[in-house]
Each structure stands twice: as structure tokens, then as C-alpha cells.
Amino acid sequence: MNPSNKSTSKNKVLGIVVAVGAAAVAAVILLAPKPEEKVVEAALPPVADVVYANPGRQTLLVPSQGSVRARHEIEVVARVGGVIESVNEAFVPGGFFQQGDSLIQIEAADYRHALTRAESQVANAAATLAQEQGMAKQAQREWRDLGTKTANNLFLRKPQLAAAEAGLAAAKADRDQAKLNLERTAVKAPFAGRVVETLVDIGQYITPGTRLARIHSTGVAEVRLPLTDHQLSLLELPLGSAIENGPAVRVTASLAGKAREWRGQIVRTEAAIDPNSRFVYAVAQIQNPYAGEAPLINGLFVEAQIAGKTYDDISVLPRQALHEGGHILVLNEENQLGFRDMDLLQAVGEEVWLRGDLAPGEKVVVSSLGYSREGMVLTPNPLNEKPSGLLLGEQGDDDGADGASEQDDEPAAEAGSTTVSAQGAY
């Protein structure tokens, strides 16, 4: 066979194979199912926690703290000496007594004897004076009988009469002193109070000036409350004059495992600024601290809330709502982000008290945003109910408005009764 014929036959076979392969590929492409077109979903805006603002009239509560002390606390000292004959049943640490109660009775026999002797001296001095008065009258008559108008004082016994009068006055003073010493054998309480510490006991011999006990009054308790200069600016306290009708104070403490509360009033500020802390100390008084169920015990550490100035349009928000520079982040009706400058009045615990242009029901962002810009859209996640009184459908949240009306201004009430912590004072 001719070689050229063999080559031609191979080319024909190769062409047939290529044509068949191309036809098969074309058939696969034509018969393959077409892919469905995918619709690109729109990205959701980031979610941010928000709280509904509820500004209103608020009285600032200025926090402070201190220890309770009695209005009066003194050391009882003996005025006379002798053996302690008896002591009152209340003469023990913690004992209660009333004003005028005898706490200690010192043996009084020696002082009664001294009083008897003093009274005898008064009688003798009175007799001597009477004698001198009679002799002076007799001398005047004798001198008058001589027909002379003038006479010297010695003849008329004026010096002797003056000495007798002075002797009687001295005798009476000794008698009064003896009475006073006898009365002082009974050591009496100058006020109603409580015994802090006893230093003597029955049968002990004491001398004048011996310390007997420490006692304090129970009629009025006081608490020294340190205040910073900023806290002073929030209070209506006259610093250079007496305080009349001072701010009310609520004092709280944990006693016997329960939260206790007492009410008092600021009555004065101390005369100087503390040189170490630079605090000004205001003094609160609580009347009848032992009258209630729980006594306001001397030495108890308490926290206090002082009623400060009253402002309108105060918003109480979580601390996270306030950003550096004194501004907050607010979402409008389209949930677009905006910046709002506010005045910080105080920060208490986990809350800040702000004043500024903030309407009821506005959404304040409390989340920590990694990036924020004016106008960016966020998805709000409300953490509280919308304040009542807003129209249905306002800010696109009908359900929130309905729920708020059922709450009956609950957020505002909670803000007004916020329990503050002294450590969080701004």
C-alpha cells in the first residue's frame, strides 16, 4: 500500500474523533442546567443598646459618709473625795440613765459633819454681829448725849460692826460650800445618756479630780460629712453664717444584718477646711437616735444623702452613656446617630445626672461603639420602656409607648429614688 494513502486515512480518523468530541462538549454545555441568579442581601446596621430618655425635675442627692457621734460626750470627774458607797445599776458600759440620776454615791458622813460645824459658825457670827449692832447704837446715844455732832468711827464702833458683818458673810459662805460638798457626794448625770466606760467601782477611795467614767448623751446624734468643692456647689449651704432650716439628710447603714434608715438635717459647717484632705465638713444632726426600732449607735459608720439643689430637665442615665468630652450619642427617628453635648452635674455609682437638650423618649446609646460618625445608622435594642405620655407611633415604636403607659412613669420614679454610693461621688 502506498504510504501516502496511509497518512490520509489517519488524518480522516483524527478529524472524525475531533468532530465527535466537539459535538459531545457542545451537547453537554447546551443541555447543562443554568445556575440560578443569587440576590445579594443588604447588610443590617449594627445593633446598639439604647435607653429612652426621661428628663424631669430632680433634686440632686449629694453623697457623703461619716461616723456617728453623740452631741455631748464627757468624762465624769469627782468634785469631792471619799469612799464610793454605792453605784447606780446603770453604771456599767452601755447602761442608760436619765438626766439627774445619781450614778455614784460617795460616803457623805464627813460632809454632813462639816455642814453642821459650818452652820454653828454661822450662828456664832450672827450673834457677834447682833452684839456689835447693839454696842454701836449705844455709842451713838452716848455721843449724842455729850452734845457733839461729830465723832470718830472707832468710838462709834463702825470698824467692829463691819468686821462682824464680814464674819457672818464668811460663815454663810463656808456653810454654803459645806452644803455644796454634801450635794456633790451624789455624782449626778447632767443629761440623759449612756455610759461608755466606767473607771471606778464600789468601795474604791477617790480624791477630787479622779476620773469616774465616760458618758455621752442620747438626745441628739451628729455625723461629720466631708464635702468636696464640687459637692458644695450642688448644695444650698451658707458657709459664712449660721444655717437655718438646712438641707434634709437621709442616713443609711447596715445594722444587725438589715438596712436601716434615719432622717436628719444639716445644722452647721465646721470653722475651717481640713488642711490634709481639703474637705469642708458639714454636720448633720439626728434627733432622738434611740427612739426607733434600730438605734443610731455611737461610732456606727453610715452613708448619707444630702438633698441638694433642684433642677428642671435632669436626665439620669447609665454611666456608659456619657462619652469623653461631655457628650452623648442619640438616635433620631430614622435611627441615625447624632452627638449631643450635655452638662454633667454629678456621677453617682453607675449613673450620671445630666442636664441639656434632651427630649422625653429620645434614644440614648449606651453601647460601646468601636467606631461612630454623625449620621450612621444603627439598630436600636431598647433596655427600658418608653416614658408614658408620648403619642402612639412616635419614633416608630407603638408597642414601646403602650408598654410605657402601663408603667405609669416608673423610670422617673426610679431615678428620683436612686440609692447612691459615697464612693461614687463625682
Look at segment 193-243 and say how many of its residues are open to solvent by 20 Å² or more (accessible area, probe 1.4 Å), in contact (Cβ under 8 Å) with a residue 24 or more places away in the chain, small (Gly, Ala, Ser) and more than 14 Å from residue 298 (Cβ to Cβ). 3
Residues within segment 244-274 that are surrounded by fewer than 16 Cβ atoms within 10 Å (Cβ to Cβ), touching a Pro at 6+ places or on another chain (Cβ under 9 Å) and hydroxyl-bearing (Ser, Thr, Tyr), tallied: 0
Only strands (runs of 3 or more DSSP E) wholly contained in segment 120-224 count here; list those with 3 or more residues that are closer than 23 Å to residue 110 by Cα, at pLDDT 95 or above and touching a Pro at 6+ places or on another chain (Cβ under 8 Å). none
Residues to consider are 333, 303, 293; find the one that is farther than 22 Å from residue 53 by Cα, in contact (Cβ under 8 Å) with a residue 60 or more places away in the chain and acidic (Asp, Glu). 303
Only one residue in 298, 288 is touching a strand residue (DSSP E or B) at 6+ places or on another chain (Cβ under 9 Å) and either modelled with pLDDT under 90 or surrounded by 16 or more Cβ atoms within 10 Å (Cβ to Cβ) (or both), so which one is that? 298
Run down 315, 372, 367 and say which single residue is more than 36 Å from the chain's Cα centre (by Cα), modelled with pLDDT of 60 or more, open to solvent by less than 50 Å² (accessible area, probe 1.4 Å) and not β-branched (Val, Ile, Thr). 372
Here, strands (runs of 3 or more DSSP E) confined to segment 238-351 with at least 1 residues that are among the aromatic types (Phe, Trp, Tyr) and more than 30 Å from residue 377 (Cβ to Cβ) are 258-269, 280-287, 301-318
May I ask you to verify whether residue 242 is in contact with a strand residue (DSSP E or B) (Cβ under 9 Å, 6 or more places away or on another chain) and modelled with pLDDT of 90 or more? no
It is to be established whether one or more residues within segment 277-299 are closer than 30 Å to residue 238 by Cβ and among the charged types (D, E, K, R). yes
Just one of (1) more than 23 Å from residue 309 (Cα to Cα); (2) of a type in the set (Ser, Thr, Tyr); (3) over 17 Å from the mean Cα position of the chain (by Cα) trips up residue 254, so point out which. (3)
Out of 74, 104, which single residue is over 30 Å from residue 166 (Cβ atoms), open to solvent by less than 50 Å² (accessible area, probe 1.4 Å) and in a strand (DSSP E or B)? 104
Would you say residue 348 is modelled with pLDDT of 90 or more, surrounded by 14 or more Cβ atoms within 10 Å (Cβ to Cβ) and closer than 16 Å to residue 63 by Cα? no
Selection from segment 247-281 of residues that are of a type in the set (S, T, N, Q) and farther than 15 Å from residue 228 by Cβ: 252, 254, 265
Residues in segment 320-340 that are under 31 Å from the mean Cα position of the chain (by Cα) and either modelled with pLDDT under 85 or open to solvent by 50 Å² or more (accessible area, probe 1.4 Å) (or both): how many? 5
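The values are calculated or read from the model by the stated rules, or taken from the named source; none is laboratory data. Bear in mind the structure is a predicted one, so any value in this text is a computation, not a measurement. Don't worry about glycine lacking a Cβ; one is built from the backbone with ideal geometry, like all the others, and counts go over all protein chains shown. Ligands, DNA and RNA are excluded from the accessible area calculation, which covers all protein heavy atoms including side chains. Shrake-Rupley method; radii C 1.70, N 1.55, O 1.52, S 1.80 Å.
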